[in-house]
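Have a look at the structure below before the remarks.
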Amino acid sequence: MIYLIVAALAGAFAYAVSRNLFMTAGNAVLGFAITYLGLPVMAINHWDPYFLALVLTAPVAGLSIVLNENRDAKITKISAMALGVSVSFFCAVVLIAFLTSASIFRAGDYAALIGEIDQVDQQALTERLESFDQTQARFVDQGLAENRAEELLGVQTGLASRVSIATPSIQSVDGRLTWIGGLEYTGFKKWSSNGHTPGYYQIDQTNRQNAEMVLEYEMTCIPSAFFSEDLDRLIYEAGYWNIGFTDQTLEVDDSGKPFWVVSLYEHKVGFLGSDAVGVLVVDPVSCEIAEYGLEEAPGWIDRVHPADFLETQLSDWGVYRHGWWNAFWSESEPTMDTTAGEAGEAGLYFVRTKDGEPAWYTGMQSTKADRGTQGYVVADARTKKSTYYAFAGVTEQAVQEAMLGIVAEKEGYSVTYPIPYNINGHLTHVAVLKDATGNPQLYGLASASNRDWKVVGETPREALRAFAAELRDQRYAQNLEGAGDQVVLVGPVKRIGHEIIDGSSTYYMTLSTVDRKAFRVPASINVEVALTNAGDTVEMTAYDTDAHVIEVLSFDNQAITLEKSDGQKAVEAAVKKVRQQQADETTQKRFERQIDGLSIEEKRKLLDTLDQSAPSN
């Protein structure tokens with residue numbers, strides 16, 4: 001066992017330099033205790049063994065010099081030599097670590113650690129993300145999930161006195177994202193008297209009332225256990241003392257059985273550059289451990305590559321992709337860093353793509369600015385395959401501030417971290433506004449491209465309706481800022497209904513020619529919608545999206561012809577002119593943002609291209 005090996009070496013060194021049995025025994029016990037409690041990674045390019053060696057050699061050699069200085073010259077000389085060798089060796093390791101790890105020498109290796117990153121335009125990002133569905137969107141954040149778990153724990157007779165709630169992580173369960181968290185011991189006494197915790201809890205990401213305690217598993221090996229049942233010590237004693245392991249996450253398989261999923265990692269750039277190399281699956285009931293390669297992990301596992309590793313690698317890619325000199329001196333090419341993420345998730349947060357892939361998502365912003373993004377990255381949480389989407393927008397923090405600005409009169413309000421969704425082909429952040437007690441009160445939607453385009457509503461449906469109206473007012477109906485492609489739909493109305501909220505009428509209809517889709521038509525678009533009956537043939541323009549309910553941009557009932565007055569025509573012409581001016585201003589601002597993000601060389605190339613395409617006189 002590694003503890004005994006370290007203890008034996010520590011004791012042998014102490015005896016060799018001091019010939020003192022008390023110092024020998026004391027150093028052996030110290031070596032055993034540090035290794036047992038600290039679980040150091042005994043790998044050649046980790047700091048742990050060198051710090052351990054310094055702690056177990058330098059103090060005992062120094063103490064031996066003091067004790068034997070006037071009593072035994074030979075022992076004093078041996079101790080002095082040992083102290084010099086110990087300190088010199090550690091200094092040599094520090095030098096080697098610097099030479100093999102410093103970014104000035106290894107910038108290219110740091111930038112390449114994330115792997116090849118595909119770079120595409122913003123529309124591809126919108127198409128990759130899930131369409132907003134108010135029945136499956138994330139309205140429950142980590143804090144709300146923990147609060148709900150505490151409520152569930154409180155109604156379980158006698159359970160709250162034995163266990164506590166562990167911080168949950170979000171993962172896909174039966175096709176829905178769900179918060180999963182374990183039950184942990186409250187202390188040594190509870191561990192020794194109970195021997196196990198009864199299971200875990202799960203909270204739906206959309207409706208926190210959809211929650212349950214799963215109390216059918218006697219979980220023995222967990223982080224709050226002691227001695228060899230402690231999860232980290234169990235792994236360490238199983239032979240994983242010479243490789244790093246991290247990100248111990250409780251996940252459930254397809255049958256609902258819990259397992260600890262732990263990432264194995266190595267340093268790939270000298271003493272730094274942590275990168276996952278495998279995954280362990282630990283059964284908390286039997287304490288059995290199974291190891292898998294990166295490509296062999298069971299399909300139910302969502303997290304193979306830890307968020308903090310990918311956050312560092314993406315940051316290094318953004319800063320060093322054009323070299324160390326560019327990053328810190330010339331700055332001829334723009335450098336980027338990740339935007340901050342939600343609590344517990346480094347600078348990334350967990351999402352699910354339209355295809356159901358588990359992924360880490362983050363904005364990328366210039367290192368010289370903190371209010372806007374230059375793009376976004378989606379990284380597969382299982383394979384680390386990453387894609388960069390160039391997109392000049394606003395950071396998640398700016399979105400939160402904009403939503404709080406709407407309710408500035410309400411004291412103590414906070415905003416959950418915004419989650420990106422595809423709404424009618426437009427990249428949109430969705431968040432929940434909570435009051436001072438932490439209870440959700442409002443739902444917010446905000447454009448990822450303009451912080452001024454944001455709304456809140458008392459229900460997701462109300463917020464979605466208001467946001468759709470905001471997009472129309474801002475001329476997104478004309479597809480100016482990268483909204484989804486538009487399609488013209490013609491067909492007979494199959495069903496139609498309407499609702500009135502705050503005095504505004506909205507009609508919902510289905511077409512015989514379009515299966516499993518409903519269309520939302522505000523009465524303000526065209527008065528003809530209020531006169532439409534089932535069977536009427538209509539023509540509509542809408543975004544080409546996979547959403548269940550699609551926002552209609554224009555509407556015409558072909559069976560109805562209404563004559564417009566000269567005054568109405570004049571008003572419509574004036575509105576059209578104003579909206580076109582707004583569109584031109586939006587285009588100008590977008591162009592200026594894109595130009596500001598270009599390097600000098602990219603600007604020269606752009607000018608050359610424009611000169612070549614300009615008509616000759």
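The values are calculated or read from the model by the stated rules, or taken from the named source; none is laboratory data. Bear in mind that the values here come from a model prediction, so they are computed numbers and not experimental data. A quick note on method: Cβ atoms are made from the backbone with ideal geometry, for glycine too, and the neighbour counts reach across all protein chains shown. SASA here: full protein model, heavy atoms, side chains in, ligands and nucleic acids out. Shrake-Rupley method; radii C 1.70, N 1.55, O 1.52, S 1.80 Å.
Tabulated results
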item	result
Whole-Hz ³J(HN,Hα) from phi, Karplus 6.51 cos²θ - 1.76 cosθ + 1.60, for the stretch 30-38, glycine and proline x	4, x, 4, 5, 4, 5, 5, 8, x
In the stretch 50-85, the trypsin sites (Lys or Arg not before Pro) that fall in loop regions by DSSP, at most 11 other Cβ within 10 Å	Arg71
Extent along principal axes [Cα atoms of the stretch 56-215; Å; largest to smallest]	80, 57, 20
Spin-label zone in the stretch 247-278 - amide nitrogen under 12 Å from a point set 7 Å from the Cα of Glu296 along the C-beta vector	278
Portion, in percent, of the accessible area of the chain that falls on carbon or sulfur, probe 1.4 Å	53
q = 0.17 Å⁻¹, the stretch 378-456: log10 I(q)/I(0) [Debye, one scatterer per Cα]	-0.68
Global form of the stretch 85-141, assessed from the alpha-carbon gyration tensor, a/c cut-off 1.5	oblate
Linear extension gain, Leu95 paired with Glu218, 0.36 nm per residue minus alpha-carbon span	39.4 nm
Radius 13 Å from Cβ of Trp241, net charge of other residues (Lys, Arg +1; Asp, Glu -1)	-2
Per-residue SASA entry for Ser161, accessible area with 1.4 Å probe, Å² rounded to 10	70
Rg(Cα)/(2.2 N^0.38 Å) for the stretch 97-181, N = residue count	1.81
Pairwise FRET efficiency - Val407 versus Leu37, Cβ, R0 = 45 Å, nearest 0.05	0.40
Rg [Å, one decimal], Dmax [Å, integer] - the stretch 509-564, C-alpha atoms	11.3, 36
For the stretch 1-41, convex hull of alpha carbons as volume per residue, Å³	50
Amide N proximity, the stretch 389-425 versus Lys605 label position 7 Å along Cα-to-Cβ, cut-off under 15 Å	390
Convex hull per residue volume in Å³, alpha carbons only, for the stretch 210-281	128
Förster-model FRET efficiency, 60 Å R0, Ser524 and Val29, C-beta, rounded to 0.05	0.15
Cβ crowding within 10 Å averaged over residues, with 110-119, 264-273 ranked highest first	264-273, 110-119
Cβ-derived FRET efficiency at R0 56 Å, Phe226 paired with Thr513, nearest 0.05	0.25
The chain - accessible surface per residue (Å², probe 1.4 Å)	47
Exposure ranking of Cys91, Cys221 by accessible area [1.4 Å probe, largest first]	Cys91, Cys221
Check: the stretch 51-136 dipole with +1 on Lys, Arg Cβ and -1 on Asp, Glu Cβ, in debye	1060
Loop-resident sites, the stretch 354-392, for trypsin sites (Lys or Arg not before Pro), counting at most 14 other Cβ within 10 Å (DSSP)	Lys354, Lys368, Arg371
Out-of-range pairs (alpha-carbon distance over 32 Å; input Lys385/Lys494; Lys189/Lys257; Lys190/Lys257; Lys189/Lys268; Lys385/Lys603; Lys385/Lys434)	Lys385/Lys494; Lys189/Lys268; Lys385/Lys434
Computed log₁₀ I(q)/I(0) - Debye formula, equal Cα scatterers, no solvent, the chain, q 0.10, 0.12 Å⁻¹	-1.03, -1.30
Three-way shape label, the stretch 6-93, alpha-carbon gyration tensor, a/c 1.5	oblate
Rounded accessible area of Leu30 (nearest 10 Å², 1.4 Å probe)	70
Surface accessible to a 1.4 Å probe, Glu218 within the full protein complex, Å²	110
Contact order relative to length of the stretch 1-121, as percent, for alpha carbon pairs under 8 angstrom and 6 or more apart	21
Per-q log10 I(q)/I(0), the stretch 492-535, q = 0.15, 0.33 Å⁻¹ (Debye; single scatterer per alpha-carbon; no solvent)	-0.35, -1.23
Overall form of the stretch 157-303 per C-alpha gyration tensor (a/c, 1.5; a/b vs b/c)	oblate
Calculated over the stretch 264-335: convex hull of Cα atoms, volume per residue (Å³)	114
Environment charge of Val407, counting only residues whose C-beta is closer than 13 Å and scoring Lys/Arg +1, Asp/Glu -1	-2
Relative contact order (%) - criterion: Cα under 8 Å, at least six apart; region: the chain	10
